[in-house]
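All remarks here apply to the structure that follows.
The values are calculated or read from the model by the stated rules, or taken from the named source; none is laboratory data. Keep in mind it's a predicted model, so treat the numbers as computed, not measured. Note: ideal-geometry Cβ built from the backbone for every residue, glycine included; neighbour counts use all protein chains shown. SASA here: full protein model, heavy atoms, side chains in, ligands and nucleic acids out. Shrake-Rupley method; radii C 1.70, N 1.55, O 1.52, S 1.80 Å.
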Amino acid sequence: MKSPYSLQQFIEDLDRITRAQSAPAKIVAEAKPLLAELVKNPDCIEPRFKEHGGTIYGRYMLHRAPLFNVTSVVWGPGDGAKAHNHDTWGLVGVLENELQETRFKRRDDGTEEGFADLEVTGINHNKAGMVSTLIAPEEDIHEMLNVTKKNTVEVHVYGKDLANMPRLQFDVGKKSVKIFASPKYDNC
């Protein structure tokens, strides 16, 4: 019987891909099926990285490298993140439960400080085993919300380390935008 695809195998494969490719769309296209294979295995990360954590949600660095990093994010019931960008390529694979993801595109040109007009391009209910992709700047604004009554565990892969990196957070109802930085990881 074949062993399940492991986090270590995924990291090795992603390291090979990111060294060979520089175009974000190509990296995402090659890495998406690998992350989908990884999140088929609910035991691919240690149980301690599936805990809610000490902040509004759990964030754990699983692997940090110059060209990418891999984290787990644990969303408790009702936890979410307002519309935000990433300013990099990314992949989000649901390991356990499900998460509602709303995707947006900007209707304004981004030149008016503090103002942003977003249009909803889709509302997805990402279930265990599903992978969504983010490619800046065209397809990288999204909002996350755990609408279920139990924790949702995801594996996030980004081309940049998002901890303390200035990015944009949007208030869709007020058509405003501000700069924010993601919180630090619970295990760093």
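How far is helix 7-20 tilted off the main Cα axis of the chain, in degrees rounded to 10, range 0 to 90?
So the inclination is approximately 60 degrees.
Over segment 53-171, what relative contact order in percent results from Cα pairs under 8 Å that are six or more residues apart? Walk me through the numbers on the way to the answer.
Numbers: 287 pairs, mean separation 48.4, N = 119.
Reported relative contact order: 41 percent.
Dipole size in debye (nearest 20) for the chain around its Cα centre, Lys and Arg Cβ +1, Asp and Glu Cβ -1?
Numbers: 24 positive and 27 negative charges, 54 e Å.
Taking the Cα centre of the chain as origin, the dipole is about 260 debye.
Going toward the positive end of the dipole of the chain, with +1 on Lys and Arg Cβ and -1 on Asp and Glu Cβ, which of ILE123, SER3, GLY110 do you reach last?
Farthest towards the positive end: SER3.
For n ≥ 4 DSSP H runs only, could you compute -39500 (n - 2.57) per run for the chain, divide by its residues and tell me the 222 nm figure to the nearest 500? Working shown, then result.
Values: 2 runs with 29 residues, N = 188.
Result for the chain, helices only: -5000 deg cm²/dmol.
Ranked from highest to lowest mean number of other Cβ atoms within 10 Å per residue, what is the order of the peptides 13-26, 149-162? Show your work: numbers first, answer last.
Numbers: 13-26: 14.6, 149-162: 19.9.
Ranked by mean Cβ neighbours within 10 Å, highest first: 149-162, 13-26.
For the ranges 72-79, 2-9, what's the packing order if you count other beta-carbon atoms within 10 Å of each residue, average per peptide, and put the highest first? Please report the intermediate quantities before stating the final value.
Working: 72-79: 19.5, 2-9: 12.6.
Packing order, densest peptide first, comes out as 72-79, 2-9.
What are the lysines whose alpha-carbon lies under 20 Å from the alpha-carbon of LYS175, with same-chain residues fewer than 8 places away excluded?
List returned: LYS82, LYS105.
Students often forget the sequence filter, so: which lysines lie under 17 Å Cα-Cα from LYS50 once same-chain residues fewer than 8 apart are removed?
LYS50 reaches LYS40, LYS127, LYS149, LYS150, LYS184.
How far, in degrees from 0 to 90, does helix 24-38 lean away from the longest principal axis of the Cα atoms of the chain, to the nearest 10?
So the inclination is approximately 50 degrees.
With a 1.4 Å probe and all protein chains left in place, how much of the accessible area of segment 1-68 comes from carbon and sulfur atoms, in whole percent?
55
Please work out the average accessible area per residue across segment 113-188, using the 1.4 Å probe convention, and give it in Å².
Working: 4000 Å² over 76 residues.
That works out to 53 Å² for each residue.
What are the principal axis extents of the Cα atoms in segment 9-49, in Å, biggest first?
34, 15, 14
Relative contact order of segment 17-80: what whole-number percent is it, with Cα pairs under 8 angstrom and at least 6 residues apart?
On the way: 53 pairs, mean separation 15.5, N = 64.
That works out to 24 percent.
Assuming 1.567 mPa s and 4 °C, estimate D for segment 4-150 with Stokes-Einstein, Rh taken as the Kirkwood radius over Cα pairs, in µm²/s.
Working: Rh = 16.3 Å.
Taking Rh from Cα pairs, D becomes 80 µm²/s.
Rank by packing, highest mean first: peptides 129-140, 164-175, with packing defined as the count of other Cβ atoms within 10 Å averaged across residues. Walk me through the intermediate numbers first.
Working: 129-140: 18.2, 164-175: 14.0.
Per-residue Cβ counts within 10 Å, averaged per peptide and sorted highest first, yield 129-140, 164-175.
Over segment 110-188, what is the relative contact order in percent, taking alpha-carbon pairs closer than 8 angstrom and at least six residues apart?
Working: 54 pairs, mean separation 26.7, N = 79.
Relative contact order, segment 110-188: 34 percent.
Bins of 10 Å, beginning at zero and ending with the bin holding the largest distance: percent of Cα pairs per bin for segment 19-80, please.
Cα pair-distance distribution for segment 19-80, in percent: 18, 42, 32, 8.
Points 7 angstrom from Cα along the Cβ direction at GLU119 and SER176: gap in nanometres?
In this crude spin-label approximation the distance works out to 2.5 nm.
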